[in-house]
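S.K.: This is the structure I have questions about; it appears just below.
The values are calculated or read from the model by the stated rules, or taken from the named source; none is laboratory data. No experiment lies behind these values; they were computed from the predicted model shown. Cβ coordinates were reconstructed from backbone atoms using ideal geometry, including for glycine residues, and neighbour counts include every protein chain displayed. Areas reflect the complete protein model, heavy atoms only, side chains present, ligands, DNA and RNA absent. Shrake-Rupley method; radii C 1.70, N 1.55, O 1.52, S 1.80 Å.
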Amino acid sequence: MAILEVKNVGKRFGGLQALSDVNLSVAENSVHAIIGPNGAGKSTLLNCLVGKLIPDTGSVMFDGQSVLGRKPYEINQMGISRVFQTPEIFGDLSVQENMMIPCFAKRDGAFQMNALTAMSSQRDVIEKAEEMLVEMKLADKRHMHAASMSRGDKRRLEIAMCLSQDPRLLLLDEPTAGMARADTNNTIDLLKQIKDERDITIAIIEHDMHVVFSLAERITVLAQGTPLVEDTPDNIKGHPKVREAYLGESQDAA
Ligand SMILES: Nc1ncnc2c1ncn2[C@@H]1O[C@H](COP(=O)(O)OP(=O)(O)OP(=O)(O)O)[C@@H](O)[C@H]1O
Ligand SMILES: [Mg+2]
């Protein structure tokens, strides 16, 4: 059964048709990768799923309900959490303080910027944050400034912040971009563990084919704003349309 159904989605930026007629069906409890060359529209599509952008046409249904017209925090409360392409943690805050923010939002319904001092007295928020830090192997870094963490640990923290919301769908936009190979492999292991231990669906945008083929059960190839092909990893490897999509790029998708 599909937990996410995207139908005929289009999005235009001025003279640029960034997405046209995008159809995507993500099966519940699967890992679905969306790949494609730079500028293909992957992040634009993700932004349409989480209320950051409103598509010009089409529908986006999550678990049978439309996400369109809802605010990002409402979509979050429906069960969708996302890690954007650019890390969104607060560098000046500690790892623990960052972790407390979504725990607070989960309990009280909406994120408030002035919540940090208020929440410090809230035992349940502190306990939930600590639980997540331990689970995500970040407990020994709890007092570190988030800005001074490695790229891999920043991503791990962001994923932990998402998971504290108990999402049913986790969206990841290039979670391993700019990472050293060891951090990338740790992220792959982390996502496998999350998948094994939780009732969760993961949709991942990724350029690194090692990550894609290590995790994905289905792959959609997007090029110039339109899905070219959707298939299993085995069938995607060496698929002529994938080669076509990446033609002219240094990346070897097959
Ligand atoms: N807010 C915006 N305003 C105008 N153009 C935009 C905007 N956001 C994206 N675009 C353009 O839309 C196209 C798709 O961009 P998008 O960021 O979705 O690509 P992408 O597949 O995520 O690429 P990458 O792999 O480099 O992250 C690009 O040509 C981009 O320049
Ligand atoms: Mg992108």
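S.K.: Is it the case, given these coordinates, that residue 223 is in contact with a Gly (Cβ under 8 Å, 6 or more places away or on another chain), without any contact (Cβ under 8 Å) to a residue 60 or more places away in the chain and of a type in the set (Gly, Ala, Ser)?
M.R.: Taking the combined requirement at face value, the residue does not satisfy it.
S.K.: Which condition breaks for residue 155 when tested against (1) among the basic types (Lys, Arg); (2) open to solvent by less than 30 Å² (accessible area, probe 1.4 Å); (3) away from ligand 1 (no atom under 16 Å from the Cβ)?
M.R.: (3)
S.K.: Please go through the stretch 1-13 and give me each residue that is farther than 24 Å from residue 208 by Cβ and surrounded by 22 or more Cβ atoms within 10 Å (Cβ to Cβ), ordered by number.
M.R.: 3, 9, 11
S.K.: Given the structure, is residue 172 within 24 Å of residue 79 (Cα to Cα), open to solvent by less than 10 Å² (accessible area, probe 1.4 Å), more than 12 Å from the chain's Cα centre (by Cα) and in contact (Cβ under 8 Å) with a residue 40 or more places away in the chain? Walk me through how you get there before you give the answer.
M.R.: Working: within 24 Å of residue 79 (Cα to Cα): yes; open to solvent by less than 10 Å² (accessible area, probe 1.4 Å): yes; more than 12 Å from the chain's Cα centre (by Cα): no; in contact (Cβ under 8 Å) with a residue 40 or more places away in the chain: yes.
Judged against the criteria, residue 172 is not a match.
S.K.: Another question, then. State yes or no: is residue 145 closer than 14 Å to residue 33 by Cα and more than 16 Å from the chain's Cα centre (by Cα)? Walk me through it before giving the result.
M.R.: On the way: closer than 14 Å to residue 33 by Cα: no; more than 16 Å from the chain's Cα centre (by Cα): yes.
Taking the combined requirement at face value, the residue does not satisfy it.
S.K.: Follow-up. Scan the stretch 43-62 residue by residue and report those that are among the hydroxyl-bearing types (Ser, Thr, Tyr) and away from ligand 1 (no atom under 12 Å from the Cβ). Outline the logic, then answer.
M.R.: In the first step, residues of the stretch 43-62 are kept if they are among the hydroxyl-bearing types (Ser, Thr, Tyr); the result is 43-44, 57, 59.
Across the stretch 43-62, the qualifying residues are 57, 59.
S.K.: Just to be sure, is residue 153 assigned to a loop (DSSP other than H, G, I, E, B) and at pLDDT below 95?
M.R.: Details: assigned to a loop (DSSP other than H, G, I, E, B): no; at pLDDT below 95: yes.
So residue 153 fails the test.
S.K.: Let me ask something else. Taking only the stretch 33-63 into account, find how many residues are away from ligand 2 (no atom under 16 Å from the Cβ) and at pLDDT 95 or above.
M.R.: Selection size over the stretch 33-63: 10.
S.K.: Before we move on, is residue 167 within 15 Å of ligand 1 (Cβ to nearest atom) and either part of a loop (DSSP other than H, G, I, E, B) or at negative phi (or both)?
M.R.: Answer is no for this residue.
S.K.: Give the number of residues within the stretch 8-32 that are within 16 Å of ligand 2 (Cβ to nearest atom) and acidic (Asp, Glu).
M.R.: Qualifying residue count, the stretch 8-32: 0.
S.K.: What are the pairs, 6+ residues apart or on separate chains, where a residue within the stretch 65-78 that is open to solvent by less than 70 Å² (accessible area, probe 1.4 Å) has its Cβ under 7 Å from a residue that is modelled with pLDDT under 90 and of a type in the set (Ser, Thr, Tyr)?
M.R.: none
S.K.: Name the single residue, out of those in the stretch 14-42 being open to solvent by 20 Å² or more (accessible area, probe 1.4 Å) and of a type in the set (A, V, I, L, M), that is farthest from ligand 1 (Cβ to nearest atom).
M.R.: The residue in question is 27.
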